[in-house]
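Engineer: Dropping a structure here in structure tokens format, bear with me for questions.
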Amino acid sequence: MRIQMQHPAIVSRRQRDSGHPAFMMVRVTSTVDVADYASGDAQTAAILHHGRGDTTYRRIGDHLYKEMSYMRAQALEPESDMARSLVGRSSVFDFGAFMTLVESAAIDLSNEASTGFGNVAYVDRALSRRDPKGLTAQLKAFDKAPQVGMVARDDELGTWSRRFGEFMENIAIVDGIVHVRSFEPCYRMGLRPPETRTMAIDRMKFMEERLGGGRPLDSRGVPQLGEGSAALDERYFSLNERERAVELAEQLGYAREWKDSNYTVGATVIDPSSLSADFLKEETYRLSVFALGLADAVANDIAGLSYSNVTGRDALAARLDEIGEPERTLRALVQATDRPDDEILDLATKRLAATLQRDEILNPNTHRSISSLRSALEFLDLRRDAMPIAVLPAARKMEP
């Protein structure tokens, strides 16, 4: 399906007074192709049943797409709410908005000292009381940006048109209905003492802050994961794992179950192969990132104490060294671009938890975090022990 959509872009121009290059955000109209499928060409992965009706997820290529119920393809017409959300409402979709890419490019350009300018014009607009309800700062900036009638280099416009075309690969049409790329649906299980177990349908957004956007690092060098990543009393399971999730929770004494009021916690898995078999690696990674952040906080606490506790400085320095070894292992592993080794992550996380547990100088909040980490690692061990046993075939002998 070929459509025309207006989107933001950044172009350069020469300042008349100084001759230095300047940059500004403009509005560009590009022609893009949106993938169009019949239902028979898009494998249905799962159907979620909740209080607001059913939601269908389909596997298209390597990704899952969520059906936007009752949203026909005409919703992508220029100036429609859907089109504007794709441009400027970053919290609507799991993959964010195109403006997120534009703002990132503007920041990169503003940080380049060699360009000779301080910022990118038209990329930021503050909201006022006179603005209509529901307008975002991003959409206001987009509305105020000039049309592309100005002089601009064709290669700049071509680059942004290509980027917008790649961004629109997050959209697909199936039987005339809009589908959007989405995190994998899953179960979120809450385990809270004394014996309460909750179950809700969620999405695996805790592994990335933005779908397909990688994992940015904070100022400490700790990966930034998505919402819920630090909630260690909440565990995540594939839709293929519901029975095993309940069984494991019962082993730890969480026998009472109540369901989230927004959902009836029902899911029909149509194609198990389209979903993850389990989240062991993902959960191990999440706990390792939490442990790394906790180690960094504890190390800073101890380093601060060492300045005020001269007599115990040697002992504190030894504790810093002890924490530092598993911390360095975790930092190297969680920042790797490829999938980290599950066993090394697990070992480093447990060593760190054992090291931190011995600190009596920590504040109560840190102690609670350490206790939550240890409890989560115990549950992770149960998950590994409950994994099905795979019998590997015997190696074939070469014929003489």
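Engineer: Share of Cα-Cα pairs in the range 2-181 beyond 24 Å, in percent?
Structural biologist: Looking at the range 2-181, the distances longer than 24 Å represent 44 percent of pairs.
Engineer: Let me ask something else about it. Got the relative contact order for the range 2-181 handy, in percent, Cα pairs under 8 Å and 6 or more residues apart?
Structural biologist: That works out to 32 percent.
Engineer: Can you give the relative contact order of the range 182-298 as a percent, counting alpha carbon pairs under 8 Å and 6+ residues apart?
Structural biologist: 32 percent
Engineer: A further question on this structure: For Tyr70 and Arg162 in one chain, what is 0.36 nm times their gap in residues minus the Cα-Cα distance, to one decimal in nm?
Structural biologist: Separation in residues times 0.36 nm, less the Cα-Cα distance, equals 30.2 nm.
Engineer: About its Cα centre, how strong a charge dipole does the range 2-181 have in debye, to the nearest 20, once Lys and Arg get +1 and Asp and Glu get -1 at the Cβ?
Structural biologist: Here the range 2-181 has a charge dipole of around 660 debye.
Engineer: Turning to a different aspect of this structure: Please report the net charge: other residues with Cβ closer than 13 Å to the Cβ of Arg84, K and R +1, D and E -1.
Structural biologist: Summing Lys/Arg as +1 and Asp/Glu as -1 gives -1.
Engineer: Turning to a different aspect of this structure: If you average the C-alpha positions of the range 76-106 and of the range 160-212 separately, how far apart do those two centres end up, in angstrom?
Structural biologist: If we compute the Cα centre of each part, the gap is 16 Å.
Read-outs: derived from the displayed coordinates by stated rules, not from any lab. Please read these numbers as outputs of a predicted model, since none were measured by experiment. Backbone-built Cβ (ideal geometry, glycine too); neighbour counts: all protein chains shown.
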